[in-house]
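Shown next, in structure tokens, is the structure this report addresses.
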Amino acid sequence: MARKPRIHYPGALYHVMVRGNNKEKVFLDDVHKSKYLFLLALYKEKLGFMLYAFCIMDNHAHLLIEVKDVMLSQIMQRVQQVYTQWFNRKYSRTGHVFEQRYKALLCDKDSYLLQLIRYIHYNPVRANLDDGIEYKWSSHIHYIGKEKGNLVDTYNMLSMFSENKKEAIKQYSYFMGQESEEKNLEEFQPKIQLNDRIRKKEGEKKLSIDEIMEKVCINENVNISEIIRKTRIQRISDIRKAIVLLSESYCNISNTLLAKKLNLPLSMISKIKSGVCKRTTYVEDVIRRWEGGNK
């Protein structure tokens, strides 16, 4: 039976897992791991993809890749093939080094980018390695500034925390230190079909952000002016969170415009959508009341 072609569109985010054939060790020491990273950097420059995270263990590796014009299959074919040839020459062997087809899950970038990065960076912790979260062959050390270079695209993720790099690293480190419920990989996959990402479904009605805000304010007995005013009142903060989450499902608006509309930092919009800011019971109630009145 022919394999299904992988879904491709510019901006698609994939959690890629490569594993040694028969689960054998294929990254035996620092030389092997360094070689694999060299190939990732080489083809990243040649083929133009984004690398948000990686973790290279002894018998497998995790990569978080966002593609542009070049398909993931072409990227991985080059990296895997060249590494296999190098490995076989080094040990005077032939045959497969990796399992024949890598595993790649199409993931929801908007909602789960941060959780995916944490999942990947926690591999050494789950494996009880001595270095733990600061494992040498994980991109975590790129995020905290211990490793320099352009291999890992840290800016997008760190900017979710703060535009100030020092503060962003501080908040990222706090995020990584928080306890997190272990998720199945499938939970990170998009909740909507590809066609919904590329174009609106035929006949689907999208609301304006003003319509969403107006109905939420009526339901919660607040004024628009209270919502957009800078305040630390928890109830108002929760209403804004609910509006951000509702806009993700029912409104076509960019994060930048949404931030201006709600008078919030762009980084806060990203935090809310990605789940860094936890939903309170009140946030869920606001969403439920709004959806109940718009069925």
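The values are calculated or read from the model by the stated rules, or taken from the named source; none is laboratory data. Please read all numbers here as calculations on a predicted model, not as lab measurements. In this analysis, Cβ positions are derived from the backbone assuming ideal geometry, glycine residues included, and neighbour counts consider all displayed protein chains.
Couple of notes before you dig in:
- Leading residue by the ranking (farthest from Trp290 (Cα to Cα)) among those in the stretch 204-247 that are in contact with a Cys (Cβ under 7 Å, 6 or more places away or on another chain) and surrounded by 19 or more Cβ atoms within 10 Å (Cβ to Cβ): Ile227
- The sole residue among Tyr102, Tyr83 that is over 30 Å from Asn255 (Cβ atoms), surrounded by 19 or more Cβ atoms within 10 Å (Cβ to Cβ) and modelled with pLDDT under 90 is Tyr102.
- Single unsatisfied condition, Leu37 versus (1) surrounded by fewer than 22 Cβ atoms within 10 Å (Cβ to Cβ); (2) free of Cβ contacts under 8 Å to residues at least 60 places away in the same chain; (3) not β-branched (Val, Ile, Thr): (2)
- Among the residues examined, Leu64 does not qualify as under 30 Å from Met160 (Cα atoms), in contact with a Pro (Cβ under 7 Å, 6 or more places away or on another chain) and assigned by TED's automatic domain parsing to the domain that holds Val125.
- For Glu24, the conditions (1) in contact (Cβ under 8 Å) with a residue 40 or more places away in the chain; (2) within 27 Å of Tyr122 (Cα to Cα) are fulfilled apart from (1).
- Residues in the stretch 95-125 that are of a type in the set (A, V, I, L, M, F, W, C), assigned to a helix (DSSP H, G or I) and under 25 Å from Lys23 (Cα atoms): Leu116, Ile117, Ile120, Val125.
- Taken over the stretch 125-135, the criterion of being surrounded by fewer than 21 Cβ atoms within 10 Å (Cβ to Cβ) and either touching a Phe, Trp or Tyr at 6+ places or on another chain (Cβ under 7 Å) or in contact (Cβ under 8 Å) with a residue 40 or more places away in the chain (or both) is satisfied by Ala127, Leu129, Ile133.
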